[in-house]
1. Between E172 and S30, what is 0.36 nm times their sequence separation minus the Cα-Cα distance? Round to one decimal in nm.
2. Working out 0.36 nm times the residue gap between Y160 and D62, then minus their Cα-Cα distance, what length gain in nm do you get to one decimal?
3. Which entries in K27/K51; K105/K158; K34/K105; K34/K139 show an alpha-carbon gap greater than 24 Å?
4. Suppose R0 equals 25 Å; then what is the FRET efficiency for Q76 and N152 from their Cβ-Cβ distance, rounded to the nearest 0.05?
5. Contour minus end-to-end for I142 and E92, with contour as 0.36 nm per residue of separation and end-to-end as the Cα-Cα distance?
6. Put S149, S104 in order of accessible area, largest first, 1.4 Å probe: what do you get?
7. Explain nothing, just compute: Karplus ³J(HN,Hα) = 6.51 cos²θ - 1.76 cosθ + 1.60, θ = phi - 60°, for every residue of the stretch 53-61 in order, whole Hz, x for Gly and Pro.
Amino acid sequence: MKALRLVLLFAVAFSFSESFAEARFYKANSVRIKYLYWLVEASDVDPNRDKVWFAEMWTGNDTIVDGYSCVTLWDQNEGEEPKLVGCLREDENGYVWRYYWDYSKLVGGDSDWISKQLEYCGLTNNWAFLYDFSNPDWKNGIAIEVGSSDPNGHRTIKLYGVEDRIIAENGEEIPRAQFGFLIYGIGNTSTLFESRLLGPASRYGTTVLEYWRDGELLLKNYMITEEIKIAMKIESVSMPQKVELYDLTGRPVDGTQKGILIRNGKKMLVK
């Protein structure tokens, strides 16, 4: 009887840890993204052909959906009211999922047949696989999971075309892959928090103007094309350079040391 109780307690504990795995990248109120989006499939006579729209997306409060601990996902066009579009959760494997309450923005309200197709695929009011952040050591040949034709499923691929790590605005080095334009811990900046099922259906592209996590700016004007820069009247955009760190004696350090360091000419405390 005692052994049976131990088995039941273990099962309950495992179930609890699976449903309430601690989030690493998408915690409540931790991520805020300023971005713009534009029509990708636009004709020469389309009145919105050269137009860009400004918007924000962010993670909101903690909540529970289908027994999973997750955070709400909000989206807001400039000048409009915020819209609750779904939830994000990270499981114990390091996989990121989105629960879809709304997917109309990038698909387009006039694409009824696409909406029906996505509903037929089971995307609406359902979890869909987004990213595999289980292994931070991205390099050529590493196996990761990507979305499949089943929103609840995923498939294994080998990652190739892994570029040099990008240097974030806060000095953090982040792995980036050519496949899917994925950035480790961030995802795909050209289609924010969207399932691969929406790839063929999306009529819009997105560009990140600012990506904030826990009050730190990670990306700024990331991968903006010349056309977008002209439309936004941005004169020049450059990738952030590697931040140099020094101790109080002026010697270069790698940032792993604790204490007071000099970053960009300013003192910072590393605990």
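1. Extra length available between E172 and S30 comes to 49.4 nm.
2. 31.8 nm
3. K27/K51; K105/K158; K34/K139
4. 0.30
5. Between I142 and E92, full extension yields an extra 16.0 nm.
6. The most accessible residue leads, giving S149, S104.
7. Working through the residues one at a time gives 10, 9, 7, 10, 9, 7, 8, x, 6 Hz.
The values are calculated or read from the model by the stated rules, or taken from the named source; none is laboratory data. Since the model is a prediction, treat every value here as computed from it, not as a measurement. Because the Cβ atoms are built from the backbone with ideal geometry, glycine has one as well, and the counts that use them run over all protein chains shown. Keep in mind that these areas ignore ligands, DNA and RNA; they rest on the heavy atoms of the full protein, side chains included. Shrake-Rupley method; radii C 1.70, N 1.55, O 1.52, S 1.80 Å.
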